1. Out of everything in the stretch 326-345 that is of a type outside the set (D, E, K, R) and over 37 Å from the mean Cα position of the chain (by Cα), what residue ends up being surrounded by the fewest Cβ atoms within 10 Å (Cβ to Cβ)?
2. Is it fair to say residue 378 is more than 21 Å from residue 299 (Cβ to Cβ), open to solvent by less than 60 Å² (accessible area, probe 1.4 Å), charged (D, E, K, R) and in the same structural domain as residue 303 (by the TED database)?
3. Filter the stretch 93-107 down to the residues that are part of a loop (DSSP other than H, G, I, E, B) and of a type in the set (Lys, Arg), then identify the one that is surrounded by the fewest Cβ atoms within 10 Å (Cβ to Cβ).
4. Among the listed residues 90, 67, 78, 58, which satisfies the condition of being part of a loop (DSSP other than H, G, I, E, B) and open to solvent by less than 50 Å² (accessible area, probe 1.4 Å)?
5. Can you find a residue that is in contact with a Ser or Thr (Cβ under 6 Å, 6 or more places away or on another chain) and open to solvent by less than 70 Å² (accessible area, probe 1.4 Å) anywhere in the stretch 298-317?
6. For residue 121, work out the one condition from (1) modelled with pLDDT under 95; (2) over 17 Å from residue 179 (Cβ atoms) it doesn't fulfil.
7. Residue 371 is checked against (1) open to solvent by 40 Å² or more (accessible area, probe 1.4 Å); (2) out of contact with any helix residue (DSSP H, G or I) (no Cβ under 8 Å at 6 or more places or on another chain); (3) modelled with pLDDT of 90 or more and fails just one. What number does that condition carry?
8. So in the stretch 354-368, with the set limited to residues that are in contact with a helix residue (DSSP H, G or I) (Cβ under 7 Å, 6 or more places away or on another chain) and in a loop (DSSP other than H, G, I, E, B), which one is most open to solvent (accessible area, probe 1.4 Å)?
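The values are calculated or read from the model by the stated rules, or taken from the named source; none is laboratory data. Note that this is a predicted model, so its numbers are computed, not measured. Positions of Cβ are backbone-derived with ideal geometry, glycine not excepted, and every protein chain shown enters the neighbour counts. Surface accessibility is based on the protein's heavy atoms, side chains included, excluding ligands, DNA and RNA. Shrake-Rupley method; radii C 1.70, N 1.55, O 1.52, S 1.80 Å.
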Amino acid sequence: MSLKQQKPTLSGQRIKTRKRDEKEKQDPLAFRDVIISGLNEKPVDDLEQIAKFLDISGGKQNYRLYGEYLFDILFAGGILAPGGSIVEDGNPKTCRTKVCIFEAEEDPEKIRKYVQMLNKLICRYRYLQKAFEDEMQKILLFLKGFSEAQRKKLAIAAGIILANGMSPATTLNSLFNDQLIKEGIALDFVTDLFAAWVKEKDFNSLSMALKKAELENKLLDFFPPNKKTLEHFEAHFTEHGLNKLITFQRARESVVSKKQFQANIKEMLNTGSPVKEIIVSLKDERKKYSIPEEDAVFLIWKAIMQEVEWNKKEEIVADQALRHLKTYSPLFAEFTTTAKSEESLLIKIQEYCYENMNFMKVFQKIILLFYKTDVLSEDSIIKWYNGAHSSKGKSVFLEQMKKMVEWLKSAEEESGSEDEEDEN
């Protein structure tokens, strides 16, 4: 019998754990006690001494591990429990501090200096940036747990913070909480925040940040369900002196309305709806979205011209275009009831023919068609010819229209002399 040989083993060796693999055990209360004790030894209004203490503490305490708790203290004066209350465990003297935004005076300038101190701390310890952004999102969720005065101070601070790019405007997504919106807390907070932002920078800075964060179409969502209308929006922000925000919202509403209007035109054209049905529907849509007639006729032209795949041969495209436009001339006639609308359509036709080279020689024929079908009046055509035209292809189109305009003028003069004879 042969005995199975045992494998050799190493003895006397110790396998060491790499330092980076060792996880440090968190003790946030001990960290809090050290930070709050140090802050409480400093005069509340001496930001220079407070900043120096926080800077030195970064070399002794693990800010990387306890960044969230550090900003809890600097915003609220203690570690925040879920909901926004202060954790009171341990020594009462080290649970809270008055060196924080919540205990500051409701003075924008003093809050601004405090925010500057926070910014310097983050610049000194760059790894705190992520913890700071996370803190901003979290603390906004806890708004209901704070007093009205605390929310006001936090809103001013947040406006200054966001205006200076210390945290992105996407932070405001935390306010889209059903309870905060329903109780009007989100609206009051964001109103104070916007006011502080505009004061810190300007409205252009605010509008650009809202667009970048894709919040420009969500401003009405800050309002409680029973006040989610443009009327309430305008009344509220007029009261708080944010008139530029109202103009901004109107512009956004206009863009959205026009997109919807154009989408409805395309849908009806694609389904082959009768012209009379399209007219009725678009009139209701224009009234619903408060779209000016000159904008509506521009959108109708665009949709109708996009519906067709145009032939690339000039001699064929002319006939194709005239047949197509004649079908929809009653629709154009219904949306050119003012001189401004006619002028808008004339310029759009001119620019379209210039940008689509196959239509360069078709311009005069389109204008003649629309004149005969009562879409365009002789006054508007003459006014366009005399200077109300676009610069695009001007010389070509004016030459095309020369004989027609001369004929219109002579007809107008004859009509005028006939009227005089009738009066005599």
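1. 327
2. Yes, satisfied.
3. Per the criteria, the residue is 98.
4. The match here is 78.
5. no
6. (1)
7. (2)
8. 361
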